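What follows draws every value from the coordinates through simple rules; no lab data is involved. As the structure is a prediction and not an experimental result, all values here were calculated from the model. FYI the Cβ positions are ideal-geometry reconstructions off the backbone, even for glycines, and counts take in every protein chain you see.
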Amino acid sequence: MDKEKQLQRISADRCNSLVQFYPAALQEMPADAVAIVVDDNLIQRDTVCAAGSHMLYSFRPPFQAEAITRAQAAGYTVIGRANIGEFNMAGSETSWFGPTLHPQDTAHLTSGAAAAVAQGFAEAALIVDAGGANLRQAALGGCSAFRPTYGSVSRFGIIAFLSSSEQIGGVARDIDTAAALVQAVAGHDEKDATSLPKPQYDYAAAADVAGLRIALVEDLLAAAGAPARAATEQAAEALAAAGAQISRIRLRQAALAPQALAVMAAAEGCNNISRFDGVKYGYRTANYRNIEELYCRSRGEAIGETAKCLAMLGSLVLAKDNYEPYYRKALQVRYLVKQELDQIFTSCDLLLAPVAPAEAPLAADAAASPFPFCDPAHAFGAAATLAGLPVAVLPYGTAENGLPFGLQLFADSGHDSLPLRAAKALQAAPRKGGAC
Amino acid sequence: MAYEVVIGLEVHVELATESKIFCSCANNSAAAANENVCPACAGMPGLLPVTNRAVVEKAIAAGLVTNCHINRVNTFDKKNYYYPDLSNSYQITQLYAPICTDGYVEIETEAGSKRIGIKQIHMEEDAGKLLHDDLAGISMVDYNRCSVPLVEIVSKPDFRSAAEVIAYLEKLRALLRYAGVGHCRMEAGLMRADINLSVREKGDEKLGVRTEIKNMNSFAAIQKAIAYETERHIDAIEWDEPLVQETRGWDAVKNESFAMREKENATDYLYFPDPDLPPVIIDEEWIERVRAALPEMPDAKQARYQADFQIKRKEAAQLVASPNLAAIFDAAVAQGAEPREAANWLLTEALACAKKAGQSADELQLDPQKLVVLLAELKEGRLTRPNAKLVFAAIFEEDAEPLAYIRAHGLDQVADDSAVRELLTQIIAANPKSVADFRAGKTKALDFLFGQAMRELKGSGDPKLIRQLLNELLAQ
């Protein structure tokens, strides 16, 4: 597409996909470069990095996320920043920049990355997945996405929310493009102590599932609505037709993953945003007489309801008398979830489940609760997130209103090519209901 | 009624590492405000802590010299509180798995020797500093100290007097300085103590109500604070008034403690394990490597000085109190200096010169080789003691070469007794009255003649030789 037309389309975006757009970067981009957008919580040198929050509306960091630097070195050009929920704690409806609307139906919501990619503004997006929510939004937004094993991509330069399990991934219209972007940014980084020393960085995989043992996660199927469940069952049939062995499993401890993840997200979210105090950078209230007022009013005025609720919940679960029954318990659950999944992966290669109970949410429904964990979709990504597993998602099947459902495929840590193989196979397989 | 004070200490020591604990900024307390600051120190999001292994080594060394158990798995925790000098709004510390546990330090007081238990030592990062300009009504923040590595050394409540507290702090300071853990300069805030104190009736098993006095940074203030707080507790007990468990500050101007604000006492720090920092695993080999690199510790050194060199206990203790002084002494002795003479010169002349120059024993600089040459000249009788002091001052002040300086200033002892004989003969001839007085039994007359000779020789005469020759010549 010619660049002028592209520029016009992006400028006229009715979905609020991007919080910043760099027309010059698009125009001056070399012919062989690939245009990408990055989530607004990925730090980029000398540009405002707000993480969807009024609190950081003027924050221009003097350094850059390792993943962006690596992407640029590999020939990707950042042409804009994608809208996310405030501090990436919830959906785009919590963004200071306003919600991102679904390109297929603007009554529904999606993420900035998904909307930008689905509309062809960029070939791919570098996202930060927290709790599976960003992957889910990509798939329900009509895109494929891949999140590698925790520790594969440096977290240096993420405006952190869920440090223990958030991981950078790629979004694109097909899984190959998403995986190629992740391939370009993965690798050990000494600036991140949790970066894997020798991870499996090879995400090139054939669309081949012959002999793969794939298990449907019954619990998540049961939690989904009938149409989304049916779409997942169809995917299982398509995989079986391509040579995979399909079985079904039930989770025991892993069924507690959503609650444990909620506790950890609240605690870590509370701690990670506590540095935004109005003292050093970003928003500061105009109206204060002492340091307490400066803190309270700056945060009171510039932080949204969801982030405030999450921070309060975080303070609650970390309080002296609650630490043992809540936070420590969550850590124990995480250990048990990993143990159970380890056991499951001795007898199968991949797990298959819907990414959400239904299609992308209605904007009107999203404001119902300030707690992201009250969204039933939260439960779908929890187990794989807590265990730091590699996940591929893709749109699969269509709801009555024409919006896509999403599938997720995840494997044991370090076996990143397995979900990619299956996603590619599904992408290539003929399907009922047409392409999304 | 007889009371007993029970004290425990929490001592913070800044570690003498090249860089900070979780970023690569320089750890240099002398830098200009906000000079050693990176985005991480400034509390920006996006930065991740990476543990400096040198910090772990210093903490291991601190544990070894205080006879602690070194723990294998080390985790870090976040301690949350809001204060403008804490740029991240949390401090990374070790709550759940401190690096060292269950040690002790032997102290000596006039009451004898005693073992003070160490409950634990943990690693943590320091916070920045606030600078208040009361005239302009503004506060400024210096983040240089953000993420400077610290160890906090927590004692058991084993102290029963201020004297024991001071003896412990002195001992701890010496141990940590020898081990290269930190410079421990209290006046510069590199070593700070929190005092936990309670009072009970002597013989009681149960502890009284405990108060904590925070951030003490001088021995004098610590002594005063313990005395003040002990009195305050006893007074409350005797009048049956309530004592509150609380954190108190010390007002060094009024010389009294004061309750800190309710808020600071009620803080819940919302501790939780830092998800950004994987555990640091310490194996036996690492511990042994640190142990092997430790120098001789002050106790062993003092015992050696006393036993091998017959240096008196007090002098030996004075020498080892400063690792720098002890190092100069060891080097001088290794190069052939007579130990007692070297000790004497270091403890008198060297300390006096340092004091004059406003330096502590740790700061004074002296080339041991030059001291060795000076002492040899003195021993061989080529230099008088008064002149040796002049030469020493020149070595200290201008790093002079002793032999060259002696020659240049004509300080050589006049050893050739024919020249001295000639001079004395002249003096005798010129002072017939004194000679007559002497011969008449007035011994004072000899002192006059001796004084004349010394004046002529400008101090470079050997007094013993001159007296001997004078007696000889007058007897003729």
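Annotation: peptides A:310-316, B:400-406, B:357-363, ranked by per-residue average of other Cβ atoms within 10 Å with the highest first, follow the order A:310-316, B:400-406, B:357-363.
Charges were assigned to the Cβ only: +1 to each Lys and Arg, -1 to each Asp and Glu. The resulting dipole of the protein assembly as shown about its Cα centre is roughly 740 debye. Can you tell me how much longer the chain between A:Thr346 and A:Asn401 gets when fully stretched, taken as 0.36 nm per residue apart minus their C-alpha distance, in nm with one decimal? This chain segment gains 15.8 nm when fully extended. Once the convex hull of all Cα atoms in chain B is built, its volume per residue stands at 236 Å³. Summary of the geometry: the stretch B:157-228 and the stretch B:1-34, compared by the centres of their Cα atoms, lie 14 Å apart.
Given a Förster distance of 25 Å, report the FRET efficiency between B:Thr443 and B:Lys464 from their Cβ-Cβ distance, rounded to the nearest 0.05. Efficiency, rounded to the nearest 0.05: 0.90. Inter-chain neighbour count for B:270-282: the average number of beta-carbon atoms from partner chains within 10 Å of each residue's beta-carbon is 5.
Per residue of A:36-45, what is the mean number of Cβ atoms on other protein chains within 10 angstrom of that residue's Cβ?
Values: counts 0, 0, 0, 0, 0, 2, 1, 5, 0, 0.
So the per-residue partner count for this stretch is 1.
Assign unit charges at the C-beta atoms only (+1 for Lys and Arg, -1 for Asp and Glu), then state the dipole size of the stretch B:3-286 relative to its Cα centre in Debye, rounded to the nearest 20.
Working: 29 positive and 45 negative charges, 90 e Å.
Result for the stretch B:3-286 is approximately 440 debye, rounded to the nearest 20.
Would you mind telling me the antiparallel percentage of the DSSP bridges in the protein assembly as shown, rounded to 5?
Numbers: 87 of 107 bridges.
Close to 80 percent.
Considering the stretch B:7-134 at the alpha-carbon level, its Rg and Dmax are found to be 16.9, 56 Å. So which lysines pass the test for B:Lys301, namely a Cα distance under 17 Å, with those fewer than 8 places away in the same chain ruled out? In chain and number order, the partners are B:Lys171, B:Lys312, B:Lys314. Cα centroid distance between the stretch A:52-73 and the stretch B:106-153, in Å? If we compute the Cα centre of each part, the gap is 35 Å. In chain B, the longest principal axis of the Cα atoms and the axis of helix B:219-238 are about 50 degrees apart. Shape summary of the stretch A:167-271, radius of gyration then Dmax from alpha carbon positions: 17.8, 48 Å.
Arranged from highest to lowest average of other beta-carbon atoms within 10 Å per residue, in what order do the peptides A:267-273, B:188-194, B:423-429, A:53-59 appear?
Numbers: A:267-273: 26.4, B:188-194: 19.0, B:423-429: 16.6, A:53-59: 20.7.
Descending packing order for the listed peptides: A:267-273, A:53-59, B:188-194, B:423-429.
When only DSSP loop residues count, what GluC sites (Glu not before Pro) in the stretch A:1-81 have their Cβ near at most 15 other Cβ atoms within 10 Å?
The qualifying sites are A:Glu28.
Measuring from each cysteine beta-carbon in chain B, the ones with no other cysteine beta-carbon under 4.7 angstrom are B:Cys23, B:Cys25, B:Cys38, B:Cys184, B:Cys353. Here is the list for the stretch B:157-238: GluC sites (Glu not before Pro) lying in DSSP coil, each with at most 10 other C-beta atoms within 10 angstrom of its C-beta, are B:Glu205.
The angle between the Cα long axis of helix B:298-309 and the main principal axis of chain B comes to about 20°, on a 0 to 90 degree scale. Put simply, when B:39-51, A:294-306 are sorted by average Cβ atoms within 10 angstrom per residue, most first, you get B:39-51, A:294-306.
At 4 °C and 1.567 mPa s, what whole-number value in µm²/s does Stokes-Einstein give for the translational diffusion of the protein assembly as shown, with Rh from the Kirkwood sum over Cα pairs? Don't skip to the answer; put the middle values down first.
Numbers: Rh = 32.7 Å.
Value of D from the Cα-based Kirkwood radius: 40 µm²/s.
Taking the DSSP beta bridges with both ends in chain B, the antiparallel portion is around 95 percent. Quick one: check the C-alpha center-to-center distance for the stretch A:7-33 versus the stretch A:210-272, whole angstrom. Cα centroid to Cα centroid, the span is 36 Å. The mean of 1/r over all distinct Cα pairs in chain A, once inverted, gives the Kirkwood hydrodynamic radius of 21.5 Å.
Entry note, the protein assembly as shown: the mean residue ellipticity at 222 nm calculated from DSSP H runs of n ≥ 4, each adding -39500 (n - 2.57), is -11500 deg cm²/dmol after division by the residues and rounding to the nearest 500.
Scalar couplings 3J(HN,Hα) for the stretch A:158-166, obtained by applying the Karplus form with A = 6.51, B = -1.76, C = 1.60 to θ = phi - 60°, are 8, 6, 5, 10, 10, 3, 5, 8, 6 Hz; x denotes Gly and Pro.
Per-residue mean of foreign Cβ neighbours for A:397-404 is 0 (Cβ atoms of other chains, 10 Å radius).
Of B:Met1, A:Met264, how do they rank once you tally other Cβ atoms within 10 Å and put the fewest first?
Starting with the residue having the fewest Cβ neighbours, the order is B:Met1, A:Met264.
Fraction of C-alpha pairs exceeding 23 angstrom in the stretch A:220-319: 55 percent, rounded to a whole number. Farthest toward the positive end of the dipole of the protein assembly as shown, out of B:Ile226, B:Tyr82, B:Tyr305, is the Cα of B:Tyr305, where the dipole comes from beta carbon charges about the Cα centre. Near A:Ala262, within a Cβ-to-Cβ distance under 13 Å, what is the net charge of the other residues, with Lys and Arg +1 and Asp and Glu -1? Summing Lys/Arg as +1 and Asp/Glu as -1 gives 0.
Rounded to the nearest whole Hz, the Karplus-based 3J(HN,Hα) values (6.51 cos²θ - 1.76 cosθ + 1.60, θ = phi - 60°) of the stretch A:136-151 follow the sequence 4, 5, 5, 5, 5, x, x, 10, 9, 8, 9, 10, x, 3, 3, x, with x at glycine and proline.
Rounded to the nearest 20 debye, the dipole magnitude of chain A is 400 debye, with +1 charges on Lys and Arg beta carbons, -1 on Asp and Glu beta carbons, and the Cα centre as origin. Since only B:Ala475, B:Gly459, B:Ile406 are under comparison, the one whose Cα sits farthest along the positive direction of the charge dipole of the stretch B:364-476, derived from C-beta charges on Lys, Arg, Asp and Glu, is B:Ala475. On full extension, the segment bounded by B:Tyr104 and B:Ala227 gains 41.8 nm, given 0.36 nm per residue less the C-alpha separation.
Counted by Cβ distance under 13 Å from A:Phe121, the other residues give a net charge of +4, where Lys and Arg count +1 and Asp and Glu count -1.
How charged is the neighbourhood of B:Pro45? Take every other residue with its Cβ under 11 Å from the Cβ of B:Pro45, and add Lys/Arg as +1 and Asp/Glu as -1. The partial results should precede the final answer.
Details: positive: A:Arg275, A:Lys280; negative: none.
Once positives and negatives cancel, what remains is +2.
Only sites in a loop by DSSP and with at most 11 other Cβ atoms within 10 Å count here; which GluC sites (Glu not before Pro) in the stretch B:1-74 make the cut? Mind showing how you got there, number by number?
Numbers: sites: B:Glu4, B:Glu10, B:Glu14, B:Glu18, B:Glu35, B:Glu57; in loops: B:Glu18, B:Glu35.
Here the sparse-neighbourhood loop sites are B:Glu18.
Along the axis of the charge dipole computed for the protein assembly as shown (Cβ charges of +1 for Lys and Arg, -1 for Asp and Glu, origin at the Cα centre), the listed residues A:Ala207, B:Pro339, A:Thr94 are led at the positive end by B:Pro339.
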